[in-house]
1. From the P(r) of segment 6-101, can you give the percent of Cα pairs sitting at distances over 19 Å?
2. Hey, with R₀ at 25 Å, roughly what FRET efficiency would THR77 and THR49 work out to, going by the Cβ-Cβ distance, to 0.05?
3. Taking the Cα atoms only, what angle lies between the long axis of helix 86-95 and the longest principal axis of the chain, rounded to 10 degrees?
4. Using the Cβ atoms and a cut-off under 14 Å, what net charge is assigned to the surroundings of GLU61, where Lys and Arg are +1 and Asp and Glu are -1?
5. Do the sum for the chain: with -39,500 (n - 2.57) for every DSSP H run of n ≥ 4, divided by all residues, what is the mean residue ellipticity at 222 nm, to the nearest 500 deg cm²/dmol?
6. Evaluate E = 1/(1 + (r/R0)^6) for ASP58 and LEU21, where r is the Cβ-Cβ distance and R0 equals 35 Å; express this FRET efficiency to the nearest 0.05.
7. With 10 Å bins from zero, work out the P(r) of segment 1-45 over every alpha carbon pair and list the percent per bin.
8. Between VAL4 and GLN41, how high is the FRET efficiency from 1/(1 + (r/R0)^6) when r is the Cβ-Cβ distance and R₀ = 41 Å? Nearest 0.05.
Amino acid sequence: MKSVRCLKDSGAQISLIQKDLIKDVDAQVLGTVTIKGVIGQPAEAALVTLIIKPATSDDLENIAPYIDLCFAACEITPDFEDILCAADLEKLEDESAYDVLKPTVVRRECEKMCVR
């Protein structure tokens with residue numbers, strides 16, 4: 001499991017992920033799409049399904065089940081590893097409702113009691 005830095009792009013029609021991030025992941029490839037950005041040339045990208053959930057802080061854990069999201073795997077800006085479209089971000093925010101405090105285990109030394 002790996003956490004990645006994401007950029008929210010309300011104008012994106014599909015979420016993007018840096019293709020190097022999934023090279024060792026058994027992601028289901030659905031086909032290819034052509035990605036057109038604001039600048040630069042259109043690029044072919046693999047359309048993949050990834051099973052994800054929102055990252056949490058150190059004192060929280062997310063107890064929701066993982067969800068399937070569709071990403072176009074391509075070269076994106078080095079500043080971010082993932083660009084989320086608004087619809088996918090909304091799904092992840094809904095999952096954040098299941099963030100709960102991690103339980104802490106307190107160990108107490110039990111004193112031996114002698115009974116005579």
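Laboratory data are not the source of any read-out in this text; all were calculated from the coordinates shown. Since we're looking at a predicted model, the values are computed, not measured. All Cβ positions, glycine included, derive from the backbone under ideal geometry; neighbour counts span all protein chains shown.
1. 43
2. Efficiency, rounded to the nearest 0.05: 0.65.
3. 10
4. Value of the local net charge: -2.
5. -2500 deg cm²/dmol
6. Efficiency, rounded to the nearest 0.05: 0.95.
7. 18, 52, 29, 1
8. After rounding to 0.05, the efficiency reads 0.95.
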